[in-house]
4 protein chains.
Amino acid sequence: VDLCGTLEVEDFGIQSMPDASPTKWHLAHTTWAFETFVLAATLSHYHAFHPQYQHLFNSYYYTIGQMHARPERGLLSRPTLDEVYRYRKHVDEHVTRLLEAGCDEHTASIILLGIHHEQQHQELMLTDIKHVFACNPLRPVFREQRLPPAEPVEEVRWVAYPGGLCQIGHSGTGFAYDNELPRHKCYLEPYRLAHRLVTNAEHLAFMADGGYERPEFWLSDGWKTVQTESWAAPGYWELRDGQWWFMTLSGMRPVEATEPVCHVSFYEADAYARWAGARLPTEAEWEITAEPLPIRGNFVEANTLHPVAHKSKGVTEQPLQMYGDVWEWTASPYTPYPGFKPLPGAVGEYNGKFMNDQRVLRGGSCATLQSHMRSTYRNFFPPEARWQFSGFRLVHDG
Amino acid sequence: VDLCGTLEVEDFGIQSMPDASPTKWHLAHTTWAFETFVLAATLSHYHAFHPQYQHLFNSYYYTIGQMHARPERGLLSRPTLDEVYRYRKHVDEHVTRLLEAGCDEHTASIILLGIHHEQQHQELMLTDIKHVFACNPLRPVFREQRLPPAEPVEEVRWVAYPGGLCQIGHSGTGFAYDNELPRHKCYLEPYRLAHRLVTNAEHLAFMADGGYERPEFWLSDGWKTVQTESWAAPGYWELRDGQWWFMTLSGMRPVEATEPVCHVSFYEADAYARWAGARLPTEAEWEITAEPLPIRGNFVEANTLHPVAHKSKGVTEQPLQMYGDVWEWTASPYTPYPGFKPLPGAVGEYNGKFMNDQRVLRGGSCATLQSHMRSTYRNFFPPEARWQFSGFRLVHDG
Amino acid sequence: VDLCGTLEVEDFGIQSMPDASPTKWHLAHTTWAFETFVLAATLSHYHAFHPQYQHLFNSYYYTIGQMHARPERGLLSRPTLDEVYRYRKHVDEHVTRLLEAGCDEHTASIILLGIHHEQQHQELMLTDIKHVFACNPLRPVFREQRLPPAEPVEEVRWVAYPGGLCQIGHSGTGFAYDNELPRHKCYLEPYRLAHRLVTNAEHLAFMADGGYERPEFWLSDGWKTVQTESWAAPGYWELRDGQWWFMTLSGMRPVEATEPVCHVSFYEADAYARWAGARLPTEAEWEITAEPLPIRGNFVEANTLHPVAHKSKGVTEQPLQMYGDVWEWTASPYTPYPGFKPLPGAVGEYNGKFMNDQRVLRGGSCATLQSHMRSTYRNFFPPEARWQFSGFRLVHDG
Amino acid sequence: VDLCGTLEVEDFGIQSMPDASPTKWHLAHTTWAFETFVLAATLSHYHAFHPQYQHLFNSYYYTIGQMHARPERGLLSRPTLDEVYRYRKHVDEHVTRLLEAGCDEHTASIILLGIHHEQQHQELMLTDIKHVFACNPLRPVFREQRLPPAEPVEEVRWVAYPGGLCQIGHSGTGFAYDNELPRHKCYLEPYRLAHRLVTNAEHLAFMADGGYERPEFWLSDGWKTVQTESWAAPGYWELRDGQWWFMTLSGMRPVEATEPVCHVSFYEADAYARWAGARLPTEAEWEITAEPLPIRGNFVEANTLHPVAHKSKGVTEQPLQMYGDVWEWTASPYTPYPGFKPLPGAVGEYNGKFMNDQRVLRGGSCATLQSHMRSTYRNFFPPEARWQFSGFRLVHDG
């Protein structure tokens, strides 16, 4: 998919908040990662494409050197988009040549890391441009398309799991980030997991019951955020003549009752759970449940760019939508697994240093590449973040 | 101990930062808690001592009603100290009368909670007044006393623990906060815990090695804090003519090499551990280690108001200083135990709603009452907090 | 008058906003000024009362040295009030001795400046403690007293002045601040000045006509302030059950229709004038008008601590209330007079460096000493300030 | 001149600070002004080009309606540049048609106002894009051109003026903004005005004498700004290997000693003057001096986009560079002239409501159109603004 095909030159440069980056920056930064961690590290005579790109497109790798201030990524009209594309072409050619010439195992592993890194940024390009367009009163459309009519969903079924001494974390030979390692034991009490995600209809019931006005449902930090941000509904929702509308990458549409609620923060998910007399699953509960399931779902390849309603096909006791549609907030703070070791060198700054005040999300969303997903994958965002395709499901003690 | 005996009337009213409260407010708030949760809840004809105290001295209990803004506690010259003491006397008398008349089990449990609540605030009075005096260029002395000369300490010994399937959390009949419940299983890998706390000499070595200037040791949020706060040493340290001095409640004194480093944030403890090639223990590792140990140490009753150096007495393999001296930062985010249920009613706001972006500290400090401490006790503060008597010890994977 | 006689020890230490200072600080700072500019400058063997008071009680005289941060004046519980009174006694005795021994003309002029400086701070003590009490939900009373019932006022008469080439600024031998000098020529168009101040009833009419909701009446900066501060009425006004109340130093009372509107900012005065189709007078217009009038009025000696309604006594064409009751906002930015020279030395920092983004107020208020006032006196505050006793009158082009 | 000819599409959209606007926004806003104040006001059947442009491109005219938030102008990737050019074409054609059909006097005057408004924004496009490029570490060049070598300048001569009762303000039939009216009398003391602008060499001497480190030269607000902004040199200056460089629209170049100092704030001009024992002229002094001089100088038509050094040609006693090169800060706060009346209707919001906390600048700069300039022209900016081509000259009391 050419993700940028429908964008205008002007769209590529906007940074709508410090946490989101311009599309052009994503394009340059992922190229910078290949140039820095692969080409410059491997080729003794490699000459940087531009002497200042190392500064401009370094995100947060202090080991590499000082970086351009994150909130000012949107001030860079230069390099132009054309120049960035030339940069990408230049680096792509060199990496291809390196691969063709054959490279050692370490270099190959860094290239693989670079590819997964680029996949992450592809997803971020979608979530970030959605935020850009949401800041524009014209509400531009990213990609014109008719979304299928929303399907009905079933009543929630609570699928029981026995818990006990389990193992989570990556094992085997496939690719994984350092934060998924090592595989390790943990003890779980029995739990009963909702077979589907919480829906818009259910979230509307929470709202109707004063969900955003009653502090008793909220974590203290969450309640402060509700007040300072004047939250009264999920992100990208707008009230128009008494009806809730929702901004999608295909334009505004009325909120569909049966679709999974999306663009909610951890705080909202957690408050909803308390209101509902349930809780959010831990990441271990989620992983134990998801591990045996096939990695299928509404990923970016499905081209909806929107979470959709699901219904059980035939007789199954398995939870639905564990993969795709929305990233699922878990109750778990993002912390190192027992025995965690960051990758050596600058790439060790990729994950470990962010293990503070974030919550783990699992399963991927409609903006994630299917090939990027696995049961042990740990995504993480601050508890107030809403611009990802983030939703949740509930769990009960077993 | 009359904690306030050395204070001037003027000292009682100062709020030096939003997170700390005036001594007078602590006196009134703990009384308010008895009045609200015991007297008003129990005595059908109880008449509030003052109609607006419920608003003024409510800390964060939304179930009770709106409260005076936290950062403005220092603006209240009225009620005066005398009036607050009259308030305390009034409420104390009513509670005593209630106890004498005999009260039901629930009321008794709330009174017990109120006593523990008051013990916590006694400790906060000390840490808060220390912060007040540290903001005054005159560096007033809270209590004149000669501290004993610092003792030598031993090289760190790493005490090995087998881990495995363990149980932590409160059990039995004694008092515990809701956040220590329920007792539950968890799985630990083997670990080797330092037999003593990290010392000032060790922290000075970290500083000398560029500890506060090298981002590679720090969590990303920690590094930002170092920058914005211009941290270059622990809290209350001052460089005077090339020598580090340290503010104590008994005045300024040179930093003693063998004393435990104190008034460090979680960020600093965590950075130090990374620099030292070790890590911070989890709260489970700490609790498993501490459970069999006697609850003895340098608590507030010892009257030092200052963490001191310890040396093994005789042959022992047990860690020293698990209790008292300094609260020990653990690696554990403050989250609910599996099956956690907050207390019913307004007192349920006491602990649960703060389970976000805080880290657990264990063991009590030189400002804690010995009778307030137990192995399952979970204290919690934000990762940047330094005004508590907080230090740390290291652990290695076993 | 013993201005502090009704205060509790606790009241003396509160700083309710950076622009206002604790009473105790006022007491110490004015003493510091005598100590620094008189004693230390004159007596070769003078020994400072306390080595750090120079730092603590310097307000903004860089020539003297670095000063304690202004917003942190309320954090100083020490020196205690008793110590400050001892400081005052010590310095008073030395100054008295110096005067008795006879001093040169320059020293005498600095002592005179010190006395006027102290008079200013006496007024600020009143306005600042009013702000402190207004921040306390208990609304403490500064001085119990029954205010006389409000009188009726007359319809506004517009007193005509011919303008022309005039002279303003101080002349003669009495005391004046440097900013009142030199006396100089200026040209005025004819004008017609309101014979009385704008009243609460008139301001209520402005409010009823959407005064605080219609941007067309406001300077751009003023409108921003209305939005960010949510202004809907003058300072210290509170709506209780549909009736506007007003906090006075003698407690809350209903807003009296005929009293001068008070505690309004320049922005509000200016917006009101635009709404009324008039304008605020320049300071030259005010001074030319006031110069021939006797300096009589509702000053602090009258002991109302509150602006009152006035009525013409007998046949007079003269404007009323030019002196006392409320400081009158003028349209004039606070700038140097042609030929202005600041006093030499540190006392030159007293006035000149504040000649930016402030507006001139004239005439004194119910909190000003009568002996402190003169027709050339230039007070100045930022356009958003409301905690002074500030009101206004209107003028029309002639 | 096609001002935008050298810009890339990406350059048009950047907003580098709230006070500066994207080039694209300038293009759309000036068109919006014609559409709103001319077409919509005149043509009964005029249909807006786009229903939301009224919201997006309204700058600050509340009479017209709510506007897009100023700091968010850089978030609008749509409308694209092409769409904005279509908008301009559409409105241009309609205005042309209106003019060809003949329009009444009022409409003609509004069109004339619109043209002057557009001229102002042409200048702002230059100053704003300079700021954009200065925020980019690549320091892009707006227009490649070789600047002529700097000329020597003469020692300052002080040209004497008698002052007395003068008249300033616009008279006659040419165009003027409402803030230049009415022509009115004012009284001036004699003065001696510098015959040229303060140069870089002179400003370097101020810097070498600790100009940016000594509070005694600064207004209190100016000194605060020096501290918070860490000012140590004029805007756009950079120290490279011990040599000061200066960013121009033609790239970086070493600071030239004889060129007028530029991109200084009012605070710096005022501090320099105090250091030099002189002062800044009032706007009346400037206007009385400039009125008889021909409006010639280094304006945008000269195509330097940079202030240059001047030397007297032949024998002349007249001041040089009164027009062009740099806007000259005056000592005068921006206030209404006696008898000032804003234009009726929405265009009355153009000038009057900004008469607060700004200082008047006179004479135009190298970015101003010569035809836009006149001796009565009052420009105004906040005292801390540095992104305009702003410099100053000194004056002495006569």
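List the number of the failed condition for A:Phe37; all other conditions in (1) within 11 Å of chain D (Cβ to nearest Cβ); (2) open to solvent by 10 Å² or more (accessible area, probe 1.4 Å); (3) of a type in the set (A, V, I, L, M, F, W, C) hold.
Every listed condition holds for A:Phe37 apart from (1).
Take the residues in region C:356-367 that are within 12 Å of chain D (Cβ to nearest Cβ) and touching a helix residue (DSSP H, G or I) at 6+ places or on another chain (Cβ under 8 Å), then tell me which one is nearest to C:Ser171 (Cα to Cα).
Once the filter is applied, the top-ranked residue is C:Val360.
Restricted to region A:1-43, and to residues that are assigned to a loop (DSSP other than H, G, I, E, B) and acidic (Asp, Glu), which residue is nearest to A:Ile64 (Cα to Cα)?
A:Asp19
Could you say whether any residue in region B:260-273 is under 20 Å from B:Arg196 (Cα atoms), away from chain A (no Cβ under 14 Å), buried (at least 16 other Cβ atoms within 10 Å of the Cβ) and in contact with a Leu (Cβ under 7 Å, 6 or more places away or on another chain)?
yes
Has region C:209-232 got any residue that is in contact with a Ser or Thr (Cβ under 8 Å, 6 or more places away or on another chain) and over 30 Å from A:Thr228 (Cα atoms)?
No: zero hits.
In region B:108-146, how many are touching a residue at least 40 places away in the same chain (Cβ under 8 Å), over 19 Å from the mean Cα position of the chain (by Cα) and within 30 Å of B:Asp178 (Cβ to Cβ)?
Of the residues in region B:108-146, 3 are touching a residue at least 40 places away in the same chain (Cβ under 8 Å), over 19 Å from the mean Cα position of the chain (by Cα) and within 30 Å of B:Asp178 (Cβ to Cβ).
Taking region D:274-291, which residues are touching a strand residue (DSSP E or B) at 6+ places or on another chain (Cβ under 9 Å) and either open to solvent by 20 Å² or more (accessible area, probe 1.4 Å) or assigned to a loop (DSSP other than H, G, I, E, B) (or both)?
If the condition is that a residue be touching a strand residue (DSSP E or B) at 6+ places or on another chain (Cβ under 9 Å) and either open to solvent by 20 Å² or more (accessible area, probe 1.4 Å) or assigned to a loop (DSSP other than H, G, I, E, B) (or both), then D:Gly277, D:Ala278, D:Arg279, D:Leu280, D:Pro281, D:Thr282, D:Ile288, D:Glu291 are the ones that fit.
Taking the conditions exactly as written (open to solvent by 50 Å² or more (accessible area, probe 1.4 Å), modelled with pLDDT of 95 or more and farther than 19 Å from D:Arg139 by Cβ), does A:Glu10 satisfy them or not?
For A:Glu10, the condition - open to solvent by 50 Å² or more (accessible area, probe 1.4 Å), modelled with pLDDT of 95 or more and farther than 19 Å from D:Arg139 by Cβ - is not met.
Any residue at all in region C:234-243 that is within 18 Å of C:Phe389 (Cα to Cα) and polar (S, T, N, Q)?
For region C:234-243, residues within 18 Å of C:Phe389 (Cα to Cα) and polar (S, T, N, Q): absent.
Restricting to region D:49-76, and then to whatever is of a type outside the set (Ser, Thr, Tyr) and within 14 Å of chain C (Cβ to nearest Cβ), can you tell me which residue is nearest to D:His106 (Cα to Cα)?
By that ranking, first place goes to D:Ile64.
Could you figure out which of (1) surrounded by 16 or more Cβ atoms within 10 Å (Cβ to Cβ); (2) in a helix (DSSP H, G or I); (3) of a type outside the set (Asp, Glu) isn't true of A:Leu112?
(1)
Being hydroxyl-bearing (Ser, Thr, Tyr) and closer than 19 Å to D:His121 by Cα is the filter here; which residues of region D:337-375 pass it?
D:Tyr350, D:Ser365, D:Thr368, D:Ser371
What is the one condition in (1) within 14 Å of chain D (Cβ to nearest Cβ); (2) under 21 Å from C:Asp397 (Cβ atoms); (3) crowded, with 17+ Cβ neighbours inside 10 Å that C:Pro190 does not satisfy?
(3)
Can you pull out every residue in region A:126-144 that is in a helix (DSSP H, G or I) and either within 14 Å of another protein chain (Cβ to nearest Cβ) or among the acidic types (Asp, Glu) (or both)?
Hits for region A:126-144 are A:Asp128, A:Ile129, A:Lys130, A:His131, A:Val132, A:Phe133, A:Ala134.
If a residue must be over 26 Å from D:Glu189 (Cβ atoms) and of a type in the set (Asp, Glu), how many such residues does region D:149-167 contain?
Total meeting the criteria: 2.
Out of contact with any Gly (no Cβ under 6 Å at 6 or more places or on another chain) and either at pLDDT below 95 or more than 30 Å from A:Thr23 (Cα to Cα) (or both): does that describe A:Pro140?
Taking the combined requirement at face value, the residue does not satisfy it.
Looking only at residues that are over 19 Å from D:Ile64 (Cβ atoms), open to solvent by less than 20 Å² (accessible area, probe 1.4 Å) and touching a Lys or Arg at 6+ places or on another chain (Cβ under 9 Å) in region C:197-228, which one is farthest from the other protein chains (Cβ to nearest Cβ)?
Going through the qualifying residues, I end up with C:Leu197.
When region C:368-398 is examined, which residues are found to be more than 14 Å from chain D (Cβ to nearest Cβ) and more than 27 Å from C:Val38 (Cα to Cα)?
C:Ser375, C:Arg386, C:Trp387, C:Gln388, C:Phe389, C:Ser390, C:Gly391, C:Phe392, C:Arg393, C:Leu394
Can you tell me which condition A:Gly102 does not meet? The list is (1) open to solvent by less than 40 Å² (accessible area, probe 1.4 Å); (2) away from chain D (no Cβ under 14 Å); (3) small (Gly, Ala, Ser), and all the others hold.
Among (1) open to solvent by less than 40 Å² (accessible area, probe 1.4 Å); (2) away from chain D (no Cβ under 14 Å); (3) small (Gly, Ala, Ser), A:Gly102 violates only (1).
Which numbered condition trips up B:Pro79, out of (1) within 14 Å of chain C (Cβ to nearest Cβ); (2) open to solvent by 10 Å² or more (accessible area, probe 1.4 Å)?
It fails just one condition, (2).
Got a number for residues in region A:49-70 being of a type outside the set (S, T, N, Q), in contact (Cβ under 8 Å) with a residue 60 or more places away in the chain and surrounded by fewer than 17 Cβ atoms within 10 Å (Cβ to Cβ)?
Residues in region A:49-70 being of a type outside the set (S, T, N, Q), in contact (Cβ under 8 Å) with a residue 60 or more places away in the chain and surrounded by fewer than 17 Cβ atoms within 10 Å (Cβ to Cβ): 1 in total.
Based on what the data block shows, is A:Thr96 touching a residue at least 12 places away in the same chain (Cβ under 8 Å), assigned to a helix (DSSP H, G or I) and either within 30 Å of A:Pro344 (Cα to Cα) or not polar (S, T, N, Q) (or both)?
no
Here is a check on your reading of the model: is D:Tyr46 hydroxyl-bearing (Ser, Thr, Tyr), open to solvent by less than 20 Å² (accessible area, probe 1.4 Å), part of a loop (DSSP other than H, G, I, E, B) and more than 11 Å from chain A (Cβ to nearest Cβ)?
So D:Tyr46 does not fit the description; no.
What's the number of the condition C:Gly345 fails, among (1) open to solvent by 10 Å² or more (accessible area, probe 1.4 Å); (2) more than 14 Å from every other protein chain (Cβ to nearest Cβ)?
Going through the list (1) open to solvent by 10 Å² or more (accessible area, probe 1.4 Å); (2) more than 14 Å from every other protein chain (Cβ to nearest Cβ), C:Gly345 breaks only (2).
Tell me, please, whether a residue that is within 14 Å of chain B (Cβ to nearest Cβ), open to solvent by 10 Å² or more (accessible area, probe 1.4 Å) and closer than 19 Å to A:Asn379 by Cα can be found in region A:306-321.
no
The values are calculated or read from the model by the stated rules, or taken from the named source; none is laboratory data. Source: prediction; values computed, not measured. Glycine also receives a Cβ, built like all others from the backbone with ideal geometry; neighbour counts cover every protein chain displayed. What goes into the accessible areas is simple: the full protein's heavy atoms, side chains included, and nothing from ligands, DNA or RNA. Shrake-Rupley method; radii C 1.70, N 1.55, O 1.52, S 1.80 Å.
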